[in-house]
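FYI, it's all coordinate maths here, none of it is from the lab. The model shown is predicted, which means the values in this text are computed figures rather than measured ones. All Cβ positions, glycine included, derive from the backbone under ideal geometry; neighbour counts span all protein chains shown.
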Amino acid sequence: MSQIPTYVTGVPNGTEKGLYLAVDLGGTNFRVCSVTLNGDTTFNLTYNKVAIPKELMVTDKASKLFAFLALQIENFLKEHHSEHFESHRRRRATISTPSGYREDEVFHLGFTFSFPVQQLAINKGNLMRWTKGFDIEDAVGKDVCALLQTEIDKLKLPVKVAALVNDTVGTLMARSYTSTGAQRSTLGAIFGTGTNGAYIEKTSNIKKKIEGEYDESTGEMVINTEWGSFDNQLNVLPTTPWDKELDTKSVNPGFQMFEKRISGMFLGEITRLAILEMMQSKDSTLFRDDNSSHNDWTTTTTVASQSGLYKQWGLDTAIMSVAAADSTPELSTLRQELEKDLNIYTPSLEDAQAFKTVADAVARRAARLSAVAIGAVAIQSGLLKDPEAEVIDIGVDGSLVEHYPFFRDMIYEALRSIDEIGIQGASKIRIGVAKDGSGVGAALIALVAAKMDKSSGSLATEVKRELDSIPAETGLSNTALTVGGLLGVAAIAAVWWTRQR
Ligand code: BGC
C-alpha cells in the first residue's frame with residue numbers, strides 16, 4: 001500500500017470559521033463549491049456539480065480534462081460570486097502594474113483530487129496512477145495542481161490553486177469538524193465509486209522520510225493509505241473467475257485489486273459476469289422460463305439483445321441495492337427493475353431470487369473486505385485496548401455506505417467476527433456518515449496555504465469581505481446537502497489557519 005504522508009498534522013474541532021473555495025475531482029462528477037464554516041460545527045455550502053464527459057476520462061492530453069475543470073470554475077464564479085469576479089476583471093483591465101492585480105483579490109482554492117498522488121507540499125503533488133476508469137497517460141508523474149493552474153490562467157480567472165487533498169483526508173476532517181462528541185475521529189473512509197481510507201498515525205511510526213516542512217508539535221500525521229491497492233499480488237484476497245475477467249478487461253489490470261472487490265464501480269460488473277455465466281451455462285435455466293413455476297406475469301421470459309447484461313459495465317450497482325432492499329415475497333420491485341434497467345422481460349420469481357442471491361453475495365463480500373480495512377485501522381490505533389477511549393469514531397462517505405441497504409450492518413457483523421475485535425470491540429467502533437468531506441477541507445487547506453504565502457497577508461480581509469457579501473439564500477444546511485465529500489478539506493485548512501494565528 002502507498003501509505004502516503006499528507007502533511008496534515010491535526011484535526012479540527014468545529015470552531016473554525018470562514019469562507020473558502022474548493023473543487024472536487026474524484027469519480028463521475030466534478031464539484032465546485034464555496035463553503036462557509038460557521039464555527040459552531042455547522043457549515044453552509046453552495047455548489048455546482050457536473051458529470052465528467054466519458055471521453056475526457058480517457059483522453060490523450062491532460063490539458064483537455066483540466067481545461068474542462070477550469071471552465072466549470074469560471075461558470076461557478078460567474079453564477080455565485082459575480083460581483084467579485086466582475087470587479088476583478090475590471091481592475092485587471094485598468095491596472096497597469098506588471099502583475100495586473102493584487103494577490104488579495106485572488107480566490108485561494110482547495111483541490112480535492114481523489115487519486116493516488118505523491119504529495120510534495122501542501123499545494124503540489126504528482127499523480128502516481130489513475131483509478132476508477134480514468135486513463136490519461138499524459139498526466140501521470142505530473143503535478144496536478146500545476147495542470148489545473150495552467151488552465152485557470154488561460155481563462156484569466158482570479159483563482160490560485162493553493163492546496164491539494166485526498167477525499168478520505170477531507171472526510172476525516174469533515175467528521176472531526178461536525179462531530180460534537182468528545183472523541184475525535186480516527187479514520188476517514190470512502191466506500192463509493194472507489195474505496196480508500198486516511199487515518200491518524202504517530203509520526204514515530206512513520207518509517208519513510210517525510211520531506212519538507214510540517215508541524216511536528218502534535219507528533220501525529222494523517223496518512224492516506226490508498227488501501228484500494230492492498231494486496232495487488234493477490235496473496236490473501238479472495239478471487240473468483242469473474243474478478244479475474246473484470247481485472248483483465250479493466251484499464252488498469254493488476255492494480256486496485258482490493259478496490260475492485262469492494263467499490264461501487266466494480267460490484268455491478270462482478271455480478272453481471274457471474275449472472276451471464278449462469279445464463280449461458282447448459283445446467284442453468286436462469287432467465288429461460290423453464291423453471292418458472294410461479295411466473296405469474298406472462299409465460300415467456302426474454303432477455304433483449306441490447307440488455308446491459310451483455311455489455312461491459314452494463315449492470316449498474318444501483319440494481320443490486322434494489323435487490324437487497326426488496327424483501328417482498330414476490331420480489332416484485334426487483335422484477336420490475338430487471339425489466340426496466342436490464343431489459344429482462346417477465347422474469348420469474350426464481351430468476352429474481354437467483355439474481356438477488358448473487359448480488360447479495362457480491363455485496364456481502366465487499367462489506368466484509370471493507371471491515372478488514374476498518375478493523376485493521378481500529379487495531380493499529382491502539383484505542384480498542386485503551387480504557388480511556390469510549391469510542392473509536394470513523395467517518396465514512398460514498399454511495400455504497402450511504403445507500404446500499406445493510407452495508408454498515410454487514411461491516412459490523414464482520415468486525416465482530418475478527419478475533420482481535422470481537423463483540424465488545426465492535427461495539428466501541430462508531431461508523432458515521434460524514435457528508436461533504438472533501439470540499440470544506442480543501443478550502444481550509446487553501447486558506448492555510450494562503451496564510452503561509454507571505455504575499456497574501458491581506459487574504460483574510462478579502463475572505464471576510466466575501467463572507468459578508470454572501471446572500472442569505474445561499475445558506476444550505478449541512479444536513480440538507482447531498483454533495484459528497486466537500487467539508488473536511490476546508491476543515492484541515494482551518495486547523496492550520498487557527499494554529500498560524
Ligand atoms: C483512489 C483514492 C480515493 C478513492 C475514493 C481510489 O480509487 O485511489 O485516492 O480516495 O478512490 O475516492
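Summary table below
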quantity	calculated
Phi-based couplings in Hz for the stretch 121-133 (Karplus 6.51, -1.76, 1.60; Gly and Pro marked x)	6, 4, 10, 8, x, 8, 5, 7, 6, 7, 9, 6, x
Residue order, fewest to most beta carbons within 10 Å, for Glu55, Glu259	Glu55, Glu259
Restraint check, Lys385/Lys428; Lys249/Lys311; Lys61/Lys260; Lys49/Lys435; Lys202/Lys428; Lys61/Lys154, Cα-Cα greater than 18 Å	Lys61/Lys260; Lys202/Lys428
The stretch 132-189 shape via C-alpha gyration tensor axes, a/c threshold 1.5	oblate
